[in-house]
Amino acid sequence: MLNKQSFTKENLSGDDYIIEIGRSNLETKEKIIKDVKEKFGIEIEKNLSPNFKKTNGYTIYTLLVKNFEFKVPFTKLEDDFFGNQEDKVEYFGINANSSEELNQNVDVLFCNSKNDFAVKLKTKEKSKNGVVDEAYLYRTDENMSFEESYNQMKEKEENYKGEKTFLESDELKIPYINIDTLINYRRIMW
């Protein structure tokens, strides 16, 4: 699937990611730490593998950092369960007590049911080429690839004939998302 490259780095702003490739040694480790600190202000040394020894191998390090700042700050909602989580998580969004001006953050793409809907969230951020960042939230029970999900969402949006405004009775609950994933691959022999 990776070799199909339906989603490449050209789909991202260079402001949001870093890629470092080098020999697996302490110089490469120090360069990664320095470059990430300069670009994102993040300390990553404790998250890096301690196995940066002089070897014949290479290290490929990537980091994606994306923070969204919305036009109007969303309401912090009551903590609730998410998916199969045993503990409650924090939520933000819009409910009956929220200011009506929050509706300008949201475009309803379609709403077929509480388990089949999509909205577009509008942010303040613009990339260097002037494009405003948007985040799509698509709720479905189907399990498919990113590209399949996106195409299905766009098709449902085109076919939707219902209400596209966020109504007073509507509620939008979004869990705070902080994805912090570290993947280490052991030596691969060809």
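Only the coordinates and a few stated rules stand behind these numbers; no lab work does. Only a predicted model underlies this, so the values are computations on that prediction, with no experimental measurement involved. FYI the Cβ positions are ideal-geometry reconstructions off the backbone, even for glycines, and counts take in every protein chain you see.
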- Note on the structure: Between the residues MET144, VAL132, ALA118, the Cα farthest towards the positive end of the dipole of segment 75-175, that dipole coming from +1 and -1 charges on the beta-carbon of Lys, Arg, Asp and Glu, is from VAL132
- Name the lysines eligible as straight-distance cross-link partners of LYS9: C-alpha to C-alpha under 25 Å, and not fewer than 8 places from it in the same chain. LYS29, LYS31, LYS34, LYS37, LYS39, LYS66, LYS120, LYS122, LYS124, LYS126, LYS128, LYS154
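For segment 55-103, run through the GluC sites (Glu not before Pro) and keep only the ones in DSSP coil with at most 13 other Cβ atoms within 10 Å of their Cβ. Could the numbers behind the result be given before it?
On the way: sites: GLU69, GLU78, GLU86, GLU90, GLU100, GLU101; in loops: GLU69, GLU86.
Passing both the DSSP loop test and the Cβ count: GLU69, GLU86.
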- Using 13 Å as the cut-off for backbone N distance, which residues of segment 78-111 belong to the label zone defined by a point 7 Å from the Cα of LYS154 along Cα→Cβ? none
- Query: Given 0.36 nm per residue, what is the gain on full extension from ASN11 to LYS124 after removing their alpha carbon distance, in nm?
  - Reply: 38.8 nm
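What does the extension gain come out to for ARG23 and GLU134, with contour length at 0.36 nm per residue minus their alpha carbon separation? List each step's numbers first, then the result.
Values: separation 111, 0.36 × 111 = 39.96 nm, distance 3.69 nm.
Residue separation times 0.36 nm, minus the Cα-Cα distance, leaves 36.3 nm.
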- Query: How many angstrom separate the Cα center of segment 134-167 from the Cα center of segment 10-49?
  - Reply: 34 Å
